[in-house]
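Okay, so here's the structure we're looking at.
The values are calculated or read from the model by the stated rules, or taken from the named source; none is laboratory data. Model, not experiment: these values are computed from the prediction. We place every Cβ from the backbone using ideal geometry, glycine too, and count neighbours over all the protein chains shown. Protein only, heavy atoms only, side chains kept; ligands, DNA and RNA dropped before computing areas. Shrake-Rupley method; radii C 1.70, N 1.55, O 1.52, S 1.80 Å.
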Amino acid sequence: MHRRILLIYTGGTIGMNRNPQTGALEPFDFEHLLNNVPELAQFDTIIESFQFTPPIDSSDMSPSRWTDLSHCIADHYEQYDGFVVLHGTDTMAYTASALSYMLENLTKPVIFTGSQLPIGQLRTDGKENLITSIEIAAACDEKGNALVPEVGIYFNSHLLRGNRTTKQSAEEFNAFESFNYPHLVDAGVNITYHYERILKPDLSKTMTPHFRLDNNVIIFSLFPGIREDLIRHIIHTPNLKAIVMRTFGSGNAPQSHWLLNALKEGTRGGKVIVNISQCLQGAVEMSRYDCGYHLQEAGVISGRDMTVESAVTKLMFLQSHYPDSPDIVRTLMQQSIRGEMTV
């Protein structure tokens, strides 16, 4: 029985062509993408495609596009064994994180990939990324169950958990890393699946897609010299429901009375404030230093070792489900619901 894979092209560098007049990269027809990878014909897998029209530059990605993607996967879920999503690298980690929350009890692979160079260029990284993504998406055990039933990002020989991943380089082929979680799959001469790291879905339950997100959330980074009037302006923004606050080190912030009072005012007003470290690796430990303890007293919650991309999309997801219950959102933000944090 042949496995069936749906290749979803949203846009991004992998499907770009260089305009001979301007030298700029622009999207080209999806069929050309397949023509550039004749190796796909060698697969013992049925590969069909769906294209976003027009293709989206990943900088223009938005929650409404994530909803479109969730609908696309949900509408085709029964017909295919796995999904490969071609996406621009700039916001891929945000989209993969959002989709991990929107596709509840996922039992099939949803593998995001792309490239740093267009697929038609001689030195492209797109071919290997695409071919191995399809192979991983089609991989199953003897019962026909997917080996990687979760949302992942495949890049440069590694499959990473989508909601643990951050773009680390605009220059290198090794564009992504999951600093706080080990790789799910490593592809060298052989493809090595690290089964103990991969989520185990309840196969007796159906996948439940979600289509609503509430983007009344903001991210801000603390820095030495941050101004009180600007922070107060953010905290008292009408309609704002949540803040991802990027702090120093293991979750530390200046011990200014005005900052703690402003944060207290925000949490008392029903805003959810999540503490995420500015460091790429490590976790927020608010009881480690005195300044972290004061943040706890102000009602700030720990995002532990979540990425910024994962924290902000998780807030959008939870706020859409519990629009008038910030306490439930706070509770669930401190629990791992899709393997997004170490508890």
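Residues whose amide H lies under 5 Å from that of ARG3, counting only those 5 or more places away or on a different chain, are ILE46; hydrogens are built 1.01 Å from N in the peptide plane. Within the full protein context, the accessible area of ASP125 is estimated at about 20 Å² for a probe radius of 1.4 Å.
Taking R0 as 30 Å, what's the FRET efficiency between GLU142 and SER336 from their Cβ-Cβ distance, rounded to 0.05? The partial results should precede the final answer.
On the way: r = 30 Å, r/R0 = 0.98.
Computed FRET efficiency for GLU142 and SER336 comes out at 0.50.
The heavy atoms of SER320 present about 10 square angstrom of accessible area, all protein chains included, probe 1.4 Å. Couplings for the range 200-208, taken from phi via the Karplus curve 6.51 cos²θ - 1.76 cosθ + 1.60 with θ = phi - 60°, read 10, x, 7, 5, 7, 9, 7, 6, 10 Hz in order; Gly and Pro are left as x. Excluding the site residues themselves, the longest part of the chain lacking any trypsin sites (Lys or Arg not before Pro) in a DSSP loop with at most 14 other Cβ atoms within 10 Å is 1-122.
Considering only the Cα atoms of the chain, their convex hull presents on average a projected area of 18.7 nm².
When DSSP assigns beta bridges and you keep just the ones with both residues in the chain, what percent turn out antiparallel, to the nearest 5?
Details: 18 of 50 bridges.
If I count the DSSP bridges inside the chain, around 35 percent turn out antiparallel.
Against the chain, whose longest principal axis is taken from its Cα atoms, helix 63-75 shows a tilt of about 50°. Our note on the geometry: Cα centres of the range 105-140 and the range 166-227, 16 Å apart. Compared with the alpha-carbon gap, the fully stretched path from ASP44 to ALA170 is longer by 42.0 nm at 0.36 nm per residue. Rg over Rh of the range 215-314, using C-alpha atoms and the Kirkwood radius, what does it come to? When Rh is taken as the Kirkwood radius, the ratio is 0.92.
Could you pull out every one of the lysines with an alpha carbon less than 23 Å from that of LYS167, ignoring same-chain neighbours closer than 8 positions? Cross-link targets: LYS127, LYS314. For HIS2 and TYR195, the difference between the fully extended length at 0.36 nm per residue and the C-alpha to C-alpha distance is 67.2 nm.
Relative to the longest principal axis of the Cα atoms of the chain, the long axis of helix 257-268 makes an angle of roughly 70 degrees. The GluC sites (Glu not before Pro) found in the range 102-154 that occupy coil by DSSP, while having at most 12 further C-beta atoms within 10 Å, are GLU142. Working from the Cα coordinates of the range 251-291, the gyration tensor eigenvalues give, after taking √(5λ), semi-axes of 20, 13, 8 Å in decreasing order.
Using unit Cβ charges (K, R positive; D, E negative) and no other charged atoms, how large, in debye to the nearest 20, is the dipole of the range 216-343 about its Cα centre? Write down the numbers at each step before the final one.
Working: 12 positive and 11 negative charges, 27 e Å.
Dipole magnitude for the range 216-343 comes out near 120 debye.
Helix 126-138 and the longest principal axis of the Cα set of the chain meet at an angle near 90°.
For LEU332, LEU184, give me the order by solvent-accessible area with a 1.4 Å probe, most accessible first, ignoring ligands, DNA and RNA. The partial results should precede the final answer.
Values: LEU332 35, LEU184 0 Å².
Sorted descending by solvent-accessible area, the residues read LEU332, LEU184.
Computed over the alpha carbons of the range 41-103, Rg followed by Dmax gives 12.6, 36 Å. In order along the range 160-176, the phi-based Karplus estimate (6.51 cos²θ - 1.76 cosθ + 1.60, θ = phi - 60°) of 3J(HN,Hα) comes to 10, 5, x, 7, 10, 9, 9, 6, 10, 8, 8, 10, 7, 5, 7, 6, 10 Hz; Gly and Pro are listed as x. Each listed q (0.12, 0.13, 0.21 Å⁻¹) maps to a log10 I(q)/I(0) for the range 73-227, found by the Debye formula over equal Cα scatterers with no solvent: -0.53, -0.62, -1.41. Around the amide H of ILE273, modelled in the peptide plane, lie the amide H atoms of ILE243, ILE301, all under 5 Å away and 5 or more residues distant in sequence or on another chain.
In a reduced charge model with +1 at each Lys and Arg Cβ and -1 at each Asp and Glu Cβ, the chain shows a dipole moment near 880 debye about its Cα centre.
Solvent-accessible area of VAL343, all protein chains in place: 130 Å² (probe radius 1.4 Å, heavy atoms, ligands and nucleic acids excluded).
Counting only the Cα atoms, the range 114-197 fills a convex hull of 96 Å³ per residue. Amide H contacts for PHE50 (H built 1.01 Å from N in the peptide plane; partners 5 or more residues away or on another chain; cut-off under 5 Å): LEU7, ILE8, TYR9.
Sort SER64, SER204 by heavy-atom solvent-accessible area, probe 1.4 angstrom, most to least.
Numbers: SER64 70, SER204 100 Å².
Listed by decreasing accessible area, they come as SER204, SER64.
Comparing ILE131, TYR181, GLY144 along the charge dipole axis of the range 129-255, the residue lying farthest to the positive side is TYR181, per the Cβ-charge model. Summary value for the range 144-210: 28 percent relative contact order, contacts being C-alpha pairs under 8 angstrom separated by 6+ residues.
If you take the alpha carbon atoms of the range 224-266 and fit the smallest convex hull around them, that volume is 75 Å³ per residue. Considering only beta bridges that DSSP places wholly inside the range 79-156, some 10 percent are antiparallel.
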